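The values are calculated or read from the model by the stated rules, or taken from the named source; none is laboratory data. Worth saying up front: this structure is predicted, and the values here are computed from it rather than measured. Using ideal geometry, Cβ is built from the backbone for each residue, glycine included, and neighbour counts are taken over all protein chains shown.
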Amino acid sequence: MPFRAIRVTKDEQGQQHAGIETVDESALADGNVTVSVEYSTVNYKDGLAIGGGHIVKSFPLTPGIDFAGTVDASDHPDFAPGDRVVLNGWGFGEKYDGGFAQKARVDGDLLVRLPQGLTTREAAAIGTAGYTAMLSVLALEDAGVTKDSGEVLVTGAAGGVGSVAITLLARQGHHVIASTGRQSEADYLRGLGAAEIIDRAELSSPGKPLARERWAAAVDSVGSHTLVNVLAATRYGGTVTSCGLAQGMDLPGTVAPFILRGVTLAGIDSVHAPMERRIRAYERLAEELDAAKLAEMVTVIGLDSVVEVAGKILEGQVRGRTIVDVN
Ligand code: NDP
């Protein structure tokens, strides 16, 4: 049966193009589990993939770094038709055909079975951004950060990672400071649980190696000067997670926060995170993420709107999470 998918192609001049095509099932990749995709999601990396940001490694390719759906057919011992599954990362939507399609075929070792109580739509609402937010929260916990440690800063607050991180941290009782460039989203951020809102301009320009100690921990998805300033204002012994580069990939700072204040910088990678860590993250998301708050963050679009929204996410114009109903 043919199905609809977004395909990224490259022309003879090296220009990338993206659009919807009808694809035959015989073109599905190798793998032992075939999934009827229900939802995919638009992440920053998908914006880069569609916008020609050197993410796509082979052409033509179906972008979409994550999806949630139901198993159609399986030769994998752990999965049977009807099982609800989610996939994040592992190079899908970069090297291998990803989630912006009605069908996908993958190696079952890379799939996570949805925990009881989590729908495919909720799993998509969480998406790679939300799962990365949970990985960041787990890293803070592993570093010993508790609600009694002090304020926790979240940068890129109105984005996907930021929105979910605020919700999770606030639910655990943390005093959350949200850093955003969009003061128009202040009510939205307070609704998610932010106790204070600061302007991201306070953090985005070159600053001093050490600043007044302001927060005990931080979840950063912005990188560059912002991350340097976040580290410089982290209290003695605090921990900062780094998962993103919305401002830039550079880290133009000094080691002062590490060697003078014992601050820890914890790297977060969702793409190749080990399976036990993924399962732990999804179990915690199923237990802790408030379904009503999650629904507040979500905008639903169809495959036809993905290319347009991919452009907007690169311009920082997308709020919260965008899920794609591929059918
Ligand atoms: P979004 O675009 O949804 O959110 C990013 C947010 O960063 C924006 O909403 C905006 O927040 C802020 N921002 C944008 N541009 C700038 C800028 N120039 N300077 C400062 N802040 C800026 O993206 P996601 O939440 O999906 O992803 C966030 C980052 O995390 C991306 O870089 C992404 O690639 C990365 N990521 C990494 C993963 C990993 O495995 N390491 C997994 C998932 C994401 P506001 O308007 O509130 O200021």
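Please go through the range 186-232 and give me each residue that is farther than 15 Å from Val152 by Cβ, of a type in the set (Lys, Arg) and over 21 Å from the mean Cα position of the chain (by Cα), ordered by number.
If the condition is that a residue be farther than 15 Å from Val152 by Cβ, of a type in the set (Lys, Arg) and over 21 Å from the mean Cα position of the chain (by Cα), then Lys208, Arg212 are the ones that fit.
Quick grid of which residues meet (1) modelled with pLDDT of 95 or more; (2) buried (at least 20 other Cβ atoms within 10 Å of the Cβ); (3) within 22 Å of Val318 (Cβ to Cβ); (4) more than 16 Å from the ligand (Cβ to nearest atom):
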site: Gly244; (1), (2), (3), (4): yes, yes, yes, no
site: Met249; (1), (2), (3), (4): yes, no, yes, no
site: Pro257; (1), (2), (3), (4): yes, yes, no, yes
site: Gly267; (1), (2), (3), (4): yes, no, no, no
site: Glu283; (1), (2), (3), (4): no, no, no, yes
site: Glu287; (1), (2), (3), (4): no, no, no, yes
site: Asp290; (1), (2), (3), (4): no, no, yes, yes
site: Glu296; (1), (2), (3), (4): no, no, yes, no
site: Ile301; (1), (2), (3), (4): yes, no, yes, no
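Taking Ala233, is it among the aliphatic types (A, V, I, L, M) and over 30 Å from Thr119 (Cα atoms)?
yes
So which of Gly14, Gly89 is within 20 Å of Pro274 (Cα to Cα), at pLDDT below 95 and among the small types (Gly, Ala, Ser)?
Being within 20 Å of Pro274 (Cα to Cα), at pLDDT below 95 and among the small types (Gly, Ala, Ser) holds for just one of Gly14, Gly89, which is Gly89.
From (1) in a helix (DSSP H, G or I); (2) closer than 29 Å to Phe3 by Cβ; (3) of a type in the set (S, T, N, Q), pick out the condition that doesn't hold for Thr299.
Failed condition: (1).
For the condition crowded, with 16+ Cβ neighbours inside 10 Å, in contact with a Ser or Thr (Cβ under 7 Å, 6 or more places away or on another chain) and polar (S, T, N, Q), what is the one hit in Thr226, Thr234?
Thr226
Among the listed residues Leu231, Leu245, Leu294, identify the single one that is within 25 Å of Pro63 (Cβ to Cβ), part of a helix (DSSP H, G or I) and of a type outside the set (Ser, Thr, Tyr).
So the residue among Leu231, Leu245, Leu294 that is within 25 Å of Pro63 (Cβ to Cβ), part of a helix (DSSP H, G or I) and of a type outside the set (Ser, Thr, Tyr) is Leu294.
Scan the range 26-39 and tell me whether some residue there is of a type in the set (Phe, Trp, Tyr), in contact with a helix residue (DSSP H, G or I) (Cβ under 9 Å, 6 or more places away or on another chain), buried (at least 18 other Cβ atoms within 10 Å of the Cβ) and at positive phi.
Checked against the condition, which is being of a type in the set (Phe, Trp, Tyr), in contact with a helix residue (DSSP H, G or I) (Cβ under 9 Å, 6 or more places away or on another chain), buried (at least 18 other Cβ atoms within 10 Å of the Cβ) and at positive phi, the range 26-39 yields no hits at all.
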